[in-house]
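The values are calculated or read from the model by the stated rules, or taken from the named source; none is laboratory data. These numbers come from a predicted model, not from an experiment. All Cβ positions, even for glycine, are placed from backbone atoms using ideal geometry, and neighbour counts span all protein chains on display. With ligands, DNA and RNA removed, areas are computed over all heavy atoms of the protein, side chains included. Shrake-Rupley method; radii C 1.70, N 1.55, O 1.52, S 1.80 Å.
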Amino acid sequence: MARKPTVKKRCDCPDQNRPKKGGCKHSWYYNLTNSEGNRTRATIPDSVGLTQAQAQAILDGTPAGAVPEPAEVNLTFRQWAADWLSRRRVKDTSLEQYEIAIRVHLNPRWGSYRMPAIKKAKVEAWVQEMEANPHIANSTADGHWKVFQMIMKDAQQNGKITANPTYEVEGPYVGTSKSYVFSPDECWAIYDEFPERYRPIPMAGFACGVRQAEAFGLCDDVIGSGGRLLTVRRQVLRTKETGYRPILVDRLKTSPRLNSKEVPIPPYFQEALGEYTERYPPQVTETVLWEHKKKIDDCKRGSVRALFWTPRGGLLNRNHFNDDLWKPTLLKLGIKDEDGNLPTYHDLRHTFISTCLQNGIPEHTVAAWVGDTVEELRRTYSHLLKNHADTHGAVAASLTARPAPSPSRVGIAA
């Protein structure tokens with residue numbers, strides 16, 4: 001197999017292998033044999049500002065006998081971002097988030113730039129701008145950064161640029177997310193104060209750790225014949241694909257990795273559901289039998305009996321629930337976090353996970369109950385796992401403590 005040539009430079013610039021802004025302005029080249037059998041020198045297009053490793057990677061990816069093609073100099077970020085978005089095969093919610101990030105944030109900043117003109121120094125300056133902007137949350141800036149990274153990496157892989165300007169650039173700082181852990185008194189105060197028609201929904205959060213959309217999608221078949229497990233397999237979606245109408249879908253947030261999950265149901269929750277269904281009988285509705293990589297309109301339909309309905313006969317949506325039910329209840333009870341903000345419904349899930357972990361339930365068991373992997377659990381709830389130092393620290397320390405001298409050895413020493 002023919003050996004690939006090595007990239008070189010013939011300049012005296014001191015930083016030719018690690019170009020800096022305003023540093024080496026020379027291109028990399030390599031030696032080749034032309035069709036007449038003569039040795040000649042060929043320049044790698046658009047290699048100014050690249051390190052030797054980056055230039056060599058371009059050359060190594062070129063088929064034998066071919067010459068590296070220059071990047072498309074007139075291709076704008078806006079054009080390539082639209083092309084990239086059209087080729088994504090992800091969930092509709094993810095696709096919608098990508099589209100919003102590009103339209104609202106990335107195109108106004110980078111849309112008119114020609115792709116080869118987006119350099120590492122400009123990207124680093126942009127990251128600092130996002131961190132310094134008080135109107136952009138850290139998590140939002142991190143989302144923009146990840147979409148930008150994917151677009152630029154895809155452009156390099158398709159030969160639209162010769163080097164990825166996001167390479168070795170640290171994204172925006174994202175601090176530890178804050179969560180609120182409700183006390184048992186607060187959980188039951190919320191349950192007692194909540195409107196009777198929707199009272200079991202907050203209990204599903206702190207008793208079983210289900211997500212909000214999963215609680216909305218509970219049906220009368222969620223409790224098995226043994227009555228000890230709550231099976232979660234559906235959620236109510238309200239996205240662009242559904243026309244922003246609440247629709248019941250046989251799909252979890254973690255699909256297709258996980259299509260259903262089971263969690264122990266406390267007797268008090270089972271009793272509350274029984275009393276609730278006597279007063280508010282479940283209603284028959286259509287559910288989408290979701291299949292991976294299929295649009296909702298192309299999926300088959302099924303029939304189920306949903307537990308929770310609005311007085312007008314519609315499924316719940318998060319806007320109505322949060323603004324008209326959840327927030328007024330917390331305001332009436334005076335429940336706020338240390339910054340004076342109202343906790344969210346998702347904090348009920350935090351409460352369930354925190355309580356389980358602090359009482360010695362293994363991480364892999366809790367992860368299975370809530371539908372996460374152990375890695376996701378550790379990453380997302382690392383702030384909760386720190387509390388194990390109080391609950392299990394003494395036990396762990398005792399395992400490696402110095403053994404007490406035996407009586408026989410003490411007597412010999414004497």
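Within segment 192-220, the set of residues being closer than 18 Å to Leu316 by Cβ, touching a strand residue (DSSP E or B) at 6+ places or on another chain (Cβ under 9 Å) and not in a helix (DSSP H, G or I) comprises Val210, Arg211, Gly217, Leu218, Cys219, Asp220. Checking each residue in segment 218-237 for being buried (at least 20 other Cβ atoms within 10 Å of the Cβ) and either more than 16 Å from Tyr276 (Cβ to Cβ) or touching an Asp or Glu at 6+ places or on another chain (Cβ under 9 Å) (or both) picks out Leu230, Val232, Arg233, Arg234, Gln235, Val236, Leu237.
Within segment 143-155, can one find any residue that is polar (S, T, N, Q), open to solvent by 50 Å² or more (accessible area, probe 1.4 Å), without any contact (Cβ under 8 Å) to a residue 60 or more places away in the chain and out of contact with any Pro (no Cβ under 7 Å at 6 or more places or on another chain)? Checked segment 143-155: at least one residue is polar (S, T, N, Q), open to solvent by 50 Å² or more (accessible area, probe 1.4 Å), without any contact (Cβ under 8 Å) to a residue 60 or more places away in the chain and out of contact with any Pro (no Cβ under 7 Å at 6 or more places or on another chain). Each residue in segment 7-41 was checked for being within 23 Å of Gln157 (Cβ to Cβ) and either assigned to a helix (DSSP H, G or I) or at pLDDT 75 or above (or both), and 4 of them qualify. I'm trying to understand the selection: among the residues of segment 94-142, which are of a type in the set (Asp, Glu) and free of Cβ contacts under 8 Å to residues at least 40 places away in the same chain? Correct list: Glu99, Glu129, Asp142. Which one is farthest from Pro281 (Cα to Cα) among residues in segment 300-321 that are charged (D, E, K, R) and not in a loop (DSSP other than H, G, I, E, B)? So the residue we want is Lys300. When you look at Thr400, is it at pLDDT below 90, surrounded by fewer than 14 Cβ atoms within 10 Å (Cβ to Cβ) and touching a helix residue (DSSP H, G or I) at 6+ places or on another chain (Cβ under 6 Å), yes or no? The answer is no for Thr400. When segment 329-362 is examined, which residues are found to be of a type outside the set (A, V, I, L, M), buried (at least 18 other Cβ atoms within 10 Å of the Cβ) and not in a loop (DSSP other than H, G, I, E, B)? Matches in segment 329-362: Thr329, Asp347, Arg349, His350, Thr351, Phe352, Ser354, Thr355, Cys356. Of all residues in segment 95-121, those that are more than 25 Å from the chain's Cα centre (by Cα) and closer than 15 Å to Gly171 by Cβ total 1.
Looking at Lys300, is it closer than 30 Å to Arg87 by Cβ and either open to solvent by less than 10 Å² (accessible area, probe 1.4 Å) or charged (D, E, K, R) (or both)? When the stated conditions are applied, Lys300 passes them. Considered as a group, the residues in segment 258-278 that are free of Cβ contacts under 8 Å to residues at least 12 places away in the same chain and not acidic (Asp, Glu) include one that is least open to solvent (accessible area, probe 1.4 Å), and that residue is Gly274.
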